[in-house]
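The values are calculated or read from the model by the stated rules, or taken from the named source; none is laboratory data. Since the model is a prediction, treat every value here as computed from it, not as a measurement. Here the Cβ positions follow ideal geometry from the backbone for every residue, glycine too, while neighbour counts run over all protein chains shown. Each accessible area value is taken on the protein alone, full model and side chains, heavy atoms only, with ligands, DNA and RNA left out. Shrake-Rupley method; radii C 1.70, N 1.55, O 1.52, S 1.80 Å.
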Amino acid sequence: FATDMGEDVDYDLVFPVDGEHHFSDTFWAGRSHGFHVGQDIMADKMTPVVAAADGVVRVVNWTAKPHMNPSRCCTLVIRHDDGWESWYIHLDNDTTGTDDGRGWGIKRAITPGVRVVAGQHIAWVGDSGNAEGTAPHLHFELRNPDGVVVNAYSSLVVAGGNDAGSGPRDPLVGGSRVLKSGANGADVRVLQNLLDGLGYDLGRIDGFFGSRTDAA
């Protein structure tokens with residue numbers, strides 16, 4: 001179906017980070033190079049990354065050729081069977097336990113032209129490319145068959161993102177961070193449930209720290 005750039009879509013996918021993680025809607029967030037057009041899923045380096053859907057690896061390290069330039073490590077693009085694409089950027093490029101840029105954070109069997117299935121382990125979270133100065137994360141993009149990058153946020157949430165129950169878990173539940181207006185995640189839902197139990201009117205318990213949560 002036709003979509004506009006940045007449109008929040010309902011797309012059936014497997015959550016691409018198989019482990020503890022946290023993310024909020026970062027599509028259109030300001031960056032030094034302009035606007036952010038994807039979702040940053042924060043997770044520890046070497047957390048497994050899995051294919052979001054069945055398809056064929058189209059690009060590794062920005063090339064579809066057999067020679068995958070290691071100096072451009074580490075990126076992946078998978079073309080799904082329905083023509084959509086998922087992009088996986090900032091994959092690990094370090095020797096284990098270092099930040100030396102000499103590793104290869106993509107499974108060796110994952111090369112251009114290889115077929116993968118949804119949920120298959122394809123790579124690991126890292127901080128490669130222009131993310132070297134940031135915390136490790138997966139930059140995940142979803143593109144429609146016309147190549148338009150859409151907002152995968154809602155689809156990722158439905159797929160188990162920030163889930164406090166079964167599936168990928170939010171590491172901030174059981175940990176700590178300052179919760180304030182605009183925060184999003186399973187730990188916000190824990191706070192909302194506590195406030196609801198105390199009799200505060202929050203409306204919908206949705207994991208988003210909005211005006212009602214702020215007032216409570």
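Within region 194-216, if we keep just the residues that are open to solvent by 60 Å² or more (accessible area, probe 1.4 Å) and among the hydroxyl-bearing types (Ser, Thr, Tyr), the residue that is modelled with the lowest pLDDT turns out to be Tyr200.
Checking each residue in region 80-116 for being among the aliphatic types (A, V, I, L, M) and surrounded by 12 or more Cβ atoms within 10 Å (Cβ to Cβ) picks out Ile89, Leu91, Ile106, Ile110, Val114, Val116.
Residue count for region 7-27, restricted to those that are at pLDDT below 90 and not β-branched (Val, Ile, Thr): 7. Residues in region 127-178 that are modelled with pLDDT of 95 or more and touching a Pro at 6+ places or on another chain (Cβ under 7 Å): Leu138, Phe140. Return the pairs, sorted by first residue and then second, in which the second residue is of a type in the set (A, V, I, L, M) and surrounded by 18 or more Cβ atoms within 10 Å (Cβ to Cβ), the first residue lies in region 179-191 and is at positive phi and touching a residue at least 40 places away in the same chain (Cβ under 8 Å), the beta carbons are less than 7 Å apart, and the residues are 6+ apart or on different chains. Close Cβ pairs satisfying both conditions: Gly185/Leu172. Counting only strands (runs of 3 or more DSSP E) that sit wholly inside region 1-69, not one has at least 1 residues that are farther than 18 Å from Thr111 by Cα and open to solvent by 80 Å² or more (accessible area, probe 1.4 Å). Answer yes or no as to whether Thr63 is modelled with pLDDT of 90 or more, polar (S, T, N, Q) and touching a Phe, Trp or Tyr at 6+ places or on another chain (Cβ under 7 Å). Criteria not met by Thr63.
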